[in-house]
Amino acid sequence: MSEVEFAWRESRSDAVWVAVTGTNGKTTTTALACHLLQQAGLAACAVGNIGDTCIQAVASGRCSHYVAEVSSYQLASTVNFAPNAAVVLNITPDHLAWHRSHEAYAEAKWKLLANLPSVEGAVAVIGAVNDETRAKVRQLKAEGSARGFSYVPIGAKGGLGQDMRKACGSENAAFLDGDVLTVALDGAEHVLIPRNRLQLEGIHNCENALAAATAALAVGVSAQSVAAGLATFTALAHRIEPAGTVAGVACFNDSKATNVDATLAAIGAFDPKRPVILLGGRDKGTDLEPLVRACNSHAKAVVCFGEARERFLEAFRVQGAAQLQVLEAPGMEAALDAGLSAAVLGDVLVLSPACASFDEFSCFEERGDVFKALVAQRAAARGE
């Protein structure tokens with residue numbers, strides 16, 4: 001069995017578990033959900049792929065609430081694991097070398113909901129903007145009360161601004177009402193905070209915030225406390241993290257963007273500004289057409305670097321690059337310099353590679369740390 005399963009079995013019978021999975025956004029949502037619980041005065045800890053291992057936290061005896069980031073690898077070998085609140089943000093192709101097929105990868109993710117009927121009051125929180133997870137929402141609605149637990153869709157096909165109660169008759173929903181984060185749960189509508197009070201860039205982080213807020217509400221945190229916690233949470237390292245300014249160009253470290261979908265979120269996070277995007281590393285072999293299309297629509301320039309450089313350059317050549325400037329560099333440091341040369345005062349430059357880091361670095365954290373150090377060096381050389 002997975003370590004998550006073992007720790008859950010060993011935790012106290014009155015322990016509360018929130019589990020978060022998805023292809024992208026897991027760590028931010030997990031950290032934010034834990035922050036919301038802690039701000040409410042609960043003994044909460046972030047575990048799994050973030051913070052301590054689950055079993056270390058359980059053994060310490062210091063937590064009553066566990067917020068677990070759970071990967072497809074961990075979920076594949078769960079048996080009875082049943083959290084009080086289960087969050088599935090999105091599912092897009094990833095980790096195919098390990099799972100062998102997208103179907104097996106998705107099946108592992110959905111194991112998170114398998115045992116929810118055994119938990120009284122269990123709630124599933126599911127992203128409904130993503131096609132694959134929205135299909136699960138439709139399935140759960142069709143099952144009715146036979147499913148044995150409640151579910152809360154986040155947004156709908158048309159985006160986060162759609163209330164799934166109105167879109168297809170869902171009992172619960174999490175959405176943006178105008179620009180205000182709102183959660184309708186168990187017959188009560190909780191109006192939280194305007195999105196401009198979040199200290200996080202991008203519409204994707206509104207979705208992460210809605211997911212975390214819904215999970216916190218589902219395990220008993222008050223709406224007032226949730227709203228206060230949302231406003232005080234700051235960006236995590238390597239996730240569209242401010243990295244400094246060079247010659248008036250704001251640089252951001254999004255090294256955690258190791259797949260195309262994560263980079264798509266970063267490209268649109270600065271609208272209406274058109275950022276310079278650094279793309280590359282170890283190629284995962286995923287479809288690049290959506291990436292090229294998004295860069296053409298929303299970016300000022302791209303720099304393709306690392307092992308993936310040639311395939312990325314070819315994708316831009318094949319699909320055309322219109323007004324987009326396409327540059328290349330052998331490695332990340334050269335990519336930063338090329339990107340800065342393409343930027344002017346007031347521009348935004350983002351390391352959001354859409355690739356693994358293993359051609360140059362041991363992990364995405366090292367890649368991001370090196371990037372931040374390089375930005376600091378360039379700024380210092382200019383006396384900034």
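Overview of results
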quantity	calculated
Residue that is in contact with a strand residue (DSSP E or B) (Cβ under 9 Å, 6 or more places away or on another chain) and among the small types (Gly, Ala, Ser), where the choices are GLY144, GLY169, GLY159	GLY159
Residues that are crowded, with 16+ Cβ neighbours inside 10 Å and among the aliphatic types (A, V, I, L, M), drawn from the range 138-183	LEU140, VAL152, ILE154, ALA156, LEU160, MET164, ALA167, ALA173, ALA174, LEU176, LEU181, VAL183
Cross-chain or 6+ apart pairs with Cβ under 6 Å, the range 53-76 first and within 23 Å of LYS111 (Cβ to Cβ), then crowded, with 16+ Cβ neighbours inside 10 Å and among the basic types (Lys, Arg)	GLU69/LYS26; SER72/LYS109; LEU75/LYS111
Cβ pairs under 7 Å, 6+ apart, first in the range 271-293 and touching a residue at least 12 places away in the same chain (Cβ under 8 Å), second in a helix (DSSP H, G or I) and open to solvent by 30 Å² or more (accessible area, probe 1.4 Å)	ASP271/HIS298; ARG274/HIS298; GLY280/ARG309; ASP283/ARG311; GLU289/GLN319; PRO290/LEU264; LEU291/LEU264; VAL292/GLN319
Any hit, the range 313-331, residues being on the phi > 0 side of the Ramachandran plot, surrounded by fewer than 18 Cβ atoms within 10 Å (Cβ to Cβ) and in contact (Cβ under 8 Å) with a residue 40 or more places away in the chain	no
Contacts under 7 angstrom Cβ, first residue in the range 180-196 being over 19 Å from VAL123 (Cβ atoms), partner part of a strand (DSSP E or B) and open to solvent by 90 Å² or more (accessible area, probe 1.4 Å), 6 or more apart	VAL180/VAL191
Residue in the range 202-222 that is open to solvent by 10 Å² or more (accessible area, probe 1.4 Å), touching a Pro at 6+ places or on another chain (Cβ under 9 Å) and more than 27 Å from ALA15 (Cα to Cα) present	no
Complete set of residues in the range 282-297 that are in a helix (DSSP H, G or I) and crowded, with 20+ Cβ neighbours inside 10 Å	LEU291, VAL292, CYS295
Residue list for the range 357-384, restricted to those being closer than 22 Å to GLY268 by Cβ and either in contact with a His (Cβ under 7 Å, 6 or more places away or on another chain) or surrounded by fewer than 21 Cβ atoms within 10 Å (Cβ to Cβ) (or both)	PHE364, GLY368
Members of the range 223-281 found to be surrounded by fewer than 19 Cβ atoms within 10 Å (Cβ to Cβ), over 19 Å from the mean Cα position of the chain (by Cα) and assigned to a loop (DSSP other than H, G, I, E, B), listed by number	ALA247, GLY248, PRO272, LYS273, ARG274
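The values are calculated or read from the model by the stated rules, or taken from the named source; none is laboratory data. Please read all numbers here as calculations on a predicted model, not as lab measurements. Reconstructed Cβ throughout: ideal geometry from the backbone, glycine too, with neighbour counts over all protein chains shown. Accessible surface areas use protein heavy atoms only, side chains included; no ligands, DNA or RNA. Shrake-Rupley method; radii C 1.70, N 1.55, O 1.52, S 1.80 Å.
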